[in-house]
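Heads up, the thing below is written out as structure tokens.
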Amino acid sequence: MQVKGSVAVITGGASGIGEFVAKDLAKEGAKIVIGDMNQAGLDRVVGEIQAAGGDAIGVAGSVSKEEDVAKLMDTAMTKFGSINIVFANAGIISDGLMVNTDKAGKVKSVLSVDAFRSVVEVNLVGAFLTVREAARRMVDNGCKGVLVLTSSINCTGQPGQINYSSTKAAISLWPKILVGEFLMKGIKDIRVAAIAPGYTATPILLGMNQEALASVLKDVHAGRLVEPAEISSTLRHIVENEGIDGTLIEVTGGVTYGPRQRAK
Ligand code: NAD
């Protein structure tokens, strides 16, 4: 399978990792369909791809809404006639401790159910709808391709992210679940993989307090943030290496919590 000539549907492509991937795949000759809630960002990224000579279209909507995701995938089929690369990348955070205490040791706040549900709705339900709506069209139209999910290094369990870590841990199981289902049903031409980025240089992290960022980087062997280009080249490798299937690939620069803890 080649990136060149493939049709790539990318959710959350109006910013950060998704934006970089959309532009990178377009440069390599893929036709790009971007789904995002952020209309202004969508227009900007699609405009920049087209100005650089690429082929791209944007579809505004939320990955949490069934009808929006159906429209996104229908647009890919109608406009470009196929779906080959699906990057289920849209994701949000809403961090907080489940139970937070004051100086006297009494509970001053708890993580709201809204903060929990909103992250589940986008990161989990949204990713489910993205791969489901893509796969049903790929199967019915005989499209060869690959579904790529976005997990996170924090799928191993990050304090302050009970909602986010839970969604990313669940997603890390999907490549095995889905290739198992495809095997059962004789669906051979759709592979499934996931990428787990580490701390990546996107607007959220670059905008962080610099001291907090330096502290986070103490856990990273490379001593720096992962670049969106490194996520994108991993995605291209997944697309072009058909031996990669039913698996998760970490791209973290070597996040390690153990040695730092031991050094204390
Ligand atoms: P980002 O905030 O820069 O971009 C996310 C995009 O998703 C935005 O354009 C936003 O508008 C869109 N989005 C949010 N909710 C949506 C919805 N309901 N429907 C459609 N689009 C929606 O984020 P990023 O840092 O590029 O992260 C991208 C993905 O990578 C996320 O799944 C994130 O969890 C994962 N990730 C990021 C990092 C990191 O360090 N940046 C690390 C690990 C995993």
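The values are calculated or read from the model by the stated rules, or taken from the named source; none is laboratory data. All figures in this text were calculated on a predicted structure; none of them were measured in a lab. Every residue, glycine as well, gets a Cβ built from its backbone with ideal geometry; the counts of neighbours run over all protein chains shown. Surface areas here come from the heavy atoms of the whole protein model, side chains and all, with no ligands, DNA or RNA. Shrake-Rupley method; radii C 1.70, N 1.55, O 1.52, S 1.80 Å.
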> Reachable aspartates and glutamates from Lys176, Cα under 14 Å, same-chain residues fewer than 8 places away excluded?
Replying inline: Asp245
> Semi-axes, largest first, in whole Å: what does sqrt of 5 times each Cα gyration tensor eigenvalue give for the chain?
Replying inline: 32, 20, 19
> Roughly speaking, to the nearest percent, how much of the chain's 1.4 Å accessible area is carbon and sulfur?
Replying inline: 55
>> What do you get for trypsin sites (Lys or Arg not before Pro) in segment 155-188 restricted to DSSP loop and a cutoff of at most 15 other Cβ within 10 Å of the site's Cβ?
In response: Lys185, Lys188
> Suppose every K and R has +1 on its Cβ and every D and E has -1 on its Cβ; what is the size of the dipole of the chain about the Cα centre, in Debye to the nearest 20?
Replying inline: 600
> Which FRET efficiency value, to the nearest 0.05, is calculated for Ile92 and Tyr257 with the Förster distance at 22 angstrom and r the Cβ-Cβ distance?
Replying inline: 0.40
> Contour minus end-to-end for Glu66 and Asp43, with contour as 0.36 nm per residue of separation and end-to-end as the Cα-Cα distance?
Replying inline: 6.1 nm
> Taking 0.36 nm per intervening residue step and subtracting the Cα-Cα distance, what contour gain separates Val113 from Ala52 on full extension?
Replying inline: 17.6 nm
> Using a 1.4 Å probe, what is the accessible area per residue for the chain, in Å²?
Replying inline: 48
